[in-house]
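The values are calculated or read from the model by the stated rules, or taken from the named source; none is laboratory data. Keep in mind that what you see is a predicted model, and the values were worked out from it rather than measured. Positions of Cβ are generated from backbone atoms using ideal geometry, with glycine treated the same way; all protein chains shown enter the neighbour counts.
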Amino acid sequence: MSQNAEKITDLKTALYDFHVSVGGKMVPFAGYQMPVQYPEGIMKEHLHVRANAGIFDVSHMGQFSIYGTEEEYLPLEKIVPIDLKSLNNNQSKYTVLMNKDGGIDDDLIVTKIEGGLNIVLNAACKHHDIKRIHEVIDPSKTKLHEDLSLIAIQGPKAVEILNNIIPGVSALTFMNGSKFKFNNEDIYVTRSGYTGEDGFEVSIKNSLAEKFCKTLLDDHNVKLIGLGARDSLRLEAGLCLYGHDLDTKTTPVEASLTWALSKKNKEEGNFLGASIVKDQIKNGALKKRVGIKPEKTIAREGSKVFKGDKEIGVVTSGGFGPSVNGPVAMGYVLKEFSNEGEDLELEVRGKRHAAKIFKMPFYKKSYVK
């Protein structure tokens, strides 16, 4: 988490007043006042997204652009290990921001656009990330778009609903985007998300954000969804939350994220921390991020993991999975205990409870490729 985010807790997105007007319960998150839930509650919101479609305000995240030629933005590969030349225009890629110790300073989405790159940064890390990016990219070629909101619409009915408002979005494939129009203004839509469902993320002017949400909500299949359900949805999908499941001391190999590093970059080792990462790819890491399925008891972040009397790891995310009707968790264990089906115990409030290593995701749907 950046220093600024730790100190400031009253930033507001353009939709703050709208959230309050519809009963959103506002809480501090990454320096912003954000809705953790609406009156129906987290459980109903979660299940609604799995069955229908939900809107998420994720405008606290950083929308950042690098402008220039390929030659001008290629130095980004020194800290973000993806093959930028291999990206097609409007193609997005999940990747990580590396540090010199092989750890992860953030996870992010990079999209190649005409004339540069768009990058979505985690809210708590965005100012630190930008400082890091400016070490390899000329600051005059970059911009943080504080005039833009980011709205996600997720769920099996998202494509039909959004296509009714923005004709043509249904043609987008997963992790690809394009410019569209709403209210005669440019918006940028990518087919992506953080829920394990099909869905879209829409970059739109702050001044249009509320109108856009209200237009979506005209369809009875759409509801507003808070951060609480966003967290349980991403956990069921086995997706990481930075600052919990990923941090500056955890490598992509330990985090089971080597797929987020391009083959070319792994082979050439042209990024910060590459020697550590390449050594772990070759020889293995001591620990590994895994899914954990508790038998009965919910285990939260910080719960210790045991095999017999041996402490072998820790839970980094945990809670109730409404779609699987039971507790789910992820965390890190010593690699020799990371095989699917491995029996272990979780320490919750001083008592041990049975659990198994479970292959993530806990809940799976097919993305549109």
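Points to keep in mind about this one:
- Looking only at segment 324-359, and only at residues there that are assigned to a strand (DSSP E or B) and of a type in the set (Asp, Glu), the one that is nearest to GLY284 (Cα to Cα): ASP343
- Residue pairs whose Cβ atoms lie under 6 Å apart, separated by 6 or more positions or on different chains, with the first residue in segment 201-216 and in the same structural domain as ASP57 (by TED's automatic domain parsing) and the second at pLDDT 95 or above and of a type in the set (Gly, Ala, Ser), are GLU201/ALA152; GLU201/SER192; ILE204/SER149; ASN206/ALA14; ASN206/SER149; ALA209/ALA14; ALA209/SER149.
- Enumeration of residues in segment 121-132 that are surrounded by fewer than 21 Cβ atoms within 10 Å (Cβ to Cβ) and in contact with a Phe, Trp or Tyr (Cβ under 9 Å, 6 or more places away or on another chain): ILE130
- Some residue of segment 241-249 being buried (at least 20 other Cβ atoms within 10 Å of the Cβ), closer than 26 Å to ILE109 by Cβ, out of contact with any Ser or Thr (no Cβ under 6 Å at 6 or more places or on another chain) and not assigned by TED's automatic domain parsing to the domain that holds ARG352: yes
- Among the criteria (1) free of Cβ contacts under 8 Å to residues at least 60 places away in the same chain; (2) under 13 Å from ILE133 (Cβ atoms), the one GLU71 does not fulfil is (2).
- Counting the residues of segment 13-45 that are touching a residue at least 60 places away in the same chain (Cβ under 8 Å), farther than 18 Å from LEU216 by Cα and either aliphatic (A, V, I, L, M) or assigned to a helix (DSSP H, G or I) (or both) gives 6.
- Selection within segment 262-271 - assigned to a loop (DSSP other than H, G, I, E, B) and either assigned by TED's automatic domain parsing to the domain that holds LYS100 or surrounded by fewer than 21 Cβ atoms within 10 Å (Cβ to Cβ) (or both): GLY269, ASN270
- Within this structure, GLY54 passes the test of being of a type outside the set (A, V, I, L, M), touching a helix residue (DSSP H, G or I) at 6+ places or on another chain (Cβ under 7 Å) and within 30 Å of PRO35 (Cβ to Cβ).
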